[in-house]
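Reading through the structure tokens given below for one structure.
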Amino acid sequence: MEPDMRDPNMEEKLQTIEKEIEQAKVAKSISGEICKWVGSFSAIFGTIIALAISYQTADKRAFFAVAGFLGTGLPLAAIGSNATSNKKAAKAAIIQTQIAKLSYFDPGCDTVG
């Protein structure tokens, strides 16, 4: 009969990975969140203000301001959303690497990284 070659700290390592998975699910990029809020705020309130000015002054050139606020606010919000998604993906890649190492170095593991 073959001796058990499993790492005695395997349970600890798996619990640590489970905690990291939970943290990766709720990971947020601070700069990404700032971009989302500033972009959304700019797009919504800037557009409302520009439309109000356009309505009050009957100046059709104010519609260019609406396009400007939408054109700068929405892409900024999208960049922030991408930053948060990228942070989650990076954390997931780190966890995947840790799982691959565990399965490679643990002869009793049934999974392959």
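Taken over the range 30-52, the criterion of being over 20 Å from residue 82 (Cβ atoms) and surrounded by fewer than 15 Cβ atoms within 10 Å (Cβ to Cβ) is satisfied by 45, 48, 49, 52.
Do you know which of the residues in the range 13-29 that are farther than 17 Å from residue 87 by Cβ and of a type in the set (S, T, N, Q) is surrounded by the most Cβ atoms within 10 Å (Cβ to Cβ)? Residue satisfying both the conditions and the ranking: 16. Residues of the range 74-100 that are hydrophobic (A, V, I, L, M, F, W, C) and in contact (Cβ under 8 Å) with a residue 40 or more places away in the chain: 76, 77, 79, 83, 92, 94, 95, 99. For the structure I just gave you, tell me whether residue 49 is closer than 30 Å to residue 90 by Cα, of a type in the set (Val, Ile, Thr) and assigned to a helix (DSSP H, G or I). Considered against the rule, which asks whether it is closer than 30 Å to residue 90 by Cα, of a type in the set (Val, Ile, Thr) and assigned to a helix (DSSP H, G or I), residue 49 comes out as no. Being over 16 Å from residue 25 (Cβ atoms), among the hydrophobic types (A, V, I, L, M, F, W, C) and either within 28 Å of the chain's Cα centre (by Cα) or at pLDDT 80 or above (or both) is the filter here, so list the residues in the range 73-113 that pass it. Correct list: 74, 76, 77, 78, 79, 83, 100, 102, 112.
With respect to residue 70, determine if the residue is in contact with a helix residue (DSSP H, G or I) (Cβ under 8 Å, 6 or more places away or on another chain) and at pLDDT 85 or above. For residue 70, the condition - in contact with a helix residue (DSSP H, G or I) (Cβ under 8 Å, 6 or more places away or on another chain) and at pLDDT 85 or above - is not met.
The values are calculated or read from the model by the stated rules, or taken from the named source; none is laboratory data. Everything numeric here is computed off the predicted structure, so don't read it as measured data. Cβ coordinates were reconstructed from backbone atoms using ideal geometry, including for glycine residues, and neighbour counts include every protein chain displayed.
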